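One structure below.
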Amino acid sequence: MKKLSVEILKVENLEGYYKGSFGLVQAVDGVSFSVNKGEIVGIAGESGCGKSTLAELITGVPKPLLFHGKGQVFVNQSPIYIEMPQYEITKFNRKMIKNKVKKQKEKVRKDILCSEIGYVPQASQNSLNPVLKIKKIIRDVMKQRYPNYKAGMQMNIGGELILSNDHIINHLEKLGLDRSILRKYPHELSGGMKQRTVVGISTLYKPKLLIVDEPTSALDVTTQKILIDTFLDLLNQKITDTILFISHDIPTLAQICTRCIIMYAGKIIEMGTMEEIICEPLHPYTEELIHSIASFNPDGTAETELKAITGNPPNLREPPKGCRFYPRCEKRKDECRENEPPYFYPKGKKNPVACWIYKR
Ligand SMILES: Nc1ncnc2c1ncn2[C@@H]1O[C@H](COP(=O)(O)OP(=O)(O)OP(=O)(O)O)[C@@H](O)[C@H]1O
Ligand SMILES: [Mg+2]
């Protein structure tokens with residue numbers, strides 16, 4: 001009998017922009033995809049293509065200056081962006097409406113962000129408060145979710161009644177961390193340990209979805225491998241149901257992901273299984289991305305000539321009208337300049353690709 005897939009994350013036509021004195025940057029522009037239980041899905045693309053912005057938008061509590069434009073995100077079927085009734089704003093009710101919106105956001109933050117989504121932001125291993133011991137950092141995180149939390153308190157997390165201290169120690173041990181780290185300051189931990197601590201804190205509530213943004217980028221190859229195994233363990237031990245793994249490094253994604261999404265200038269341009277993306281890339285940009293990976297023969301010589309993608313991605317303050325890859329594309333046609341490509345499903349493929357060359 002065919003196993004039914006359970007959709008943990010669904011992103012529908014999501015748009016997000018930064019707004020400030022610098023103007024407006026449309027960093028995520030009409031992104032849609034879904035992730036099922038048990039999957040590890042990679043998000044790849046050049047620096048500045050919107051990977052971290054997409055992660056922030058999925059959490060529902062984007063950082064300052066980043067705003068949700070359109071679209072919706074569902075985590076375990078719950079919408080992240082609550083649609084407020086259309087109020088007529090007057091000077092008398094403005095404060096009341098502001099408070100209502102604030103309360104709704106707070107509710108999402110507590111109900112969904114803390115318990116359904118675990119988020120490890122880019123470079124978060126460096127943002128552990130340097131003047132607090134790990135124990136205190138964890139206590140502060142627990143307090144955000146449960147304001148009355150005190151160390152040693154009995155709590156109900158993920159349906160289990162547990163002693164919180166034991167739970168924390170047990171959880172950290174599952175991530176390969178000794179209980180002694182609780183008494184240490186962040187600067188006393190190695191880069192890999194700090195990263196595992198951050199992952200441990202983000203998965204304390206057994207989130208259905210874990211989003212990790214460039215978790216291995218600052219680590220050496222051995223430590224990278226240990227961390228990748230840790231993520232696989234988290235899934236096997238059912239601490240999380242699915243992982244969204246963001247990295248600009250395709251070889252890293254190939255070690256852990258089943259599927260991969262390729263972004264370019266705020267949009268998804270192609271998605272497929274990891275094997276399809278590496279062995280049969282369809283979009284000219286994905287092709288170039290794959291060709292820019294260094295691979296070596298056993299004798300140390302380069303297997304293929306290393307090719308960098310020429311030119312730069314477009315400025316997202318004024319994105320070009322047609323295909324955003326047009327100025328850099330070696331396979332461009334005239335129609336690409338003026339018309340934005342829709343998604344095509346090339347013959348024999350299940351996955352979409354946004355490129356005019358697949359128009360039938
Ligand atoms: N705080 C901000 N204010 C204004 N623009 C921003 C801000 N943060 C990011 N951007 C812009 O949004 C776009 C997407 O940036 P984002 O950080 O999401 O890219 P990324 O794919 O994660 O890059 P990287 O691989 O370098 O981490 C870029 O054009 C970037 O310059
Ligand atoms: Mg980023």
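Remarks
- Per-region count, the stretch 66-79, residues without any contact (Cβ under 8 Å) to a residue 12 or more places away in the chain and among the small types (G, A, S): 0
- Scanning the stretch 44-83 for residues that are within 14 Å of ligand 2 (Cβ to nearest atom), small (G, A, S) and either modelled with pLDDT under 95 or outside any helix (DSSP H, G or I) (or both) yields a count of 5.
- Selection within the stretch 254-290 - closer than 20 Å to D241 by Cα, without any contact (Cβ under 8 Å) to a residue 60 or more places away in the chain and among the aliphatic types (A, V, I, L, M): A254
- Every residue from the stretch 1-43 that is out of contact with any Ser or Thr (no Cβ under 8 Å at 6 or more places or on another chain) and assigned to a loop (DSSP other than H, G, I, E, B): M1, K2, K3, L4, S5, V6, S21, F22
- In the stretch 49-65, the residues that are at positive phi form Cβ pairs under 7 Å with partners that are near ligand 1 (Cβ under 8 Å from one of its atoms) and outside any helix (DSSP H, G or I), at six or more places apart or across chains, as follows: G50/A27; G50/V28; G50/M263; G50/G266; L65/Y18; L65/G20.
- Residue within the stretch 203-218 that is in a helix (DSSP H, G or I) and surrounded by 16 or more Cβ atoms within 10 Å (Cβ to Cβ) present: no
Every residue, every condition in (1) over 29 Å from A218 (Cα atoms); (2) in contact with a helix residue (DSSP H, G or I) (Cβ under 6 Å, 6 or more places away or on another chain); (3) in a loop (DSSP other than H, G, I, E, B), yes or no:
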{"residue": "I97", "(1), (2), (3)": "yes, no, no"}
{"residue": "V101", "(1), (2), (3)": "yes, no, no"}
{"residue": "K105", "(1), (2), (3)": "yes, no, no"}
{"residue": "V131", "(1), (2), (3)": "no, no, yes"}
{"residue": "R139", "(1), (2), (3)": "no, no, no"}
{"residue": "M142", "(1), (2), (3)": "no, no, no"}
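- Residue, farthest from ligand 2 (Cβ to nearest atom), within the stretch 7-27, restricted to residues that are among the hydrophobic types (A, V, I, L, M, F, W, C) and either more than 20 Å from L210 (Cβ to Cβ) or out of contact with any helix residue (DSSP H, G or I) (no Cβ under 9 Å at 6 or more places or on another chain) (or both): I8
- Inter-residue pairs, beta-carbon under 7 Å, first of a type in the set (A, V, I, L, M, F, W, C) and in the stretch 113-128, second in a helix (DSSP H, G or I) and within 15 Å of ligand 1 (Cβ to nearest atom), 6+ apart: L113/T59; I117/T59
- Odd one out for D111 among (1) outside any strand (DSSP E or B); (2) within 14 Å of the chain's Cα centre (by Cα); (3) not aromatic (F, W, Y): (2)
- The requirement of being of a type in the set (V, I, T) and within 23 Å of V120 (Cβ to Cβ) is not satisfied by V25.
- Within the stretch 324-344, restricting attention to residues that are buried (at least 17 other Cβ atoms within 10 Å of the Cβ) and of a type in the set (K, R), the residue that is farthest from the chain's Cα centre (by Cα) is R332.
- L9 vs. criteria free of Cβ contacts under 8 Å to residues at least 60 places away in the same chain, within 14 Å of L244 (Cβ to Cβ) and under 23 Å from the mean Cα position of the chain (by Cα): no
- Residue ID - nearest to I117 (Cα to Cα), chosen from residues in the stretch 197-215 that are more than 16 Å from ligand 2 (Cβ to nearest atom) and charged (D, E, K, R): K208
- For the stretch 303-323, the count of residues that are at pLDDT 95 or above and under 24 Å from A27 (Cβ atoms) is nonzero.
The values are calculated or read from the model by the stated rules, or taken from the named source; none is laboratory data. On a predicted model such as this, the values are computed, not experimentally measured, just so you know. A quick note on method: Cβ atoms are made from the backbone with ideal geometry, for glycine too, and the neighbour counts reach across all protein chains shown.
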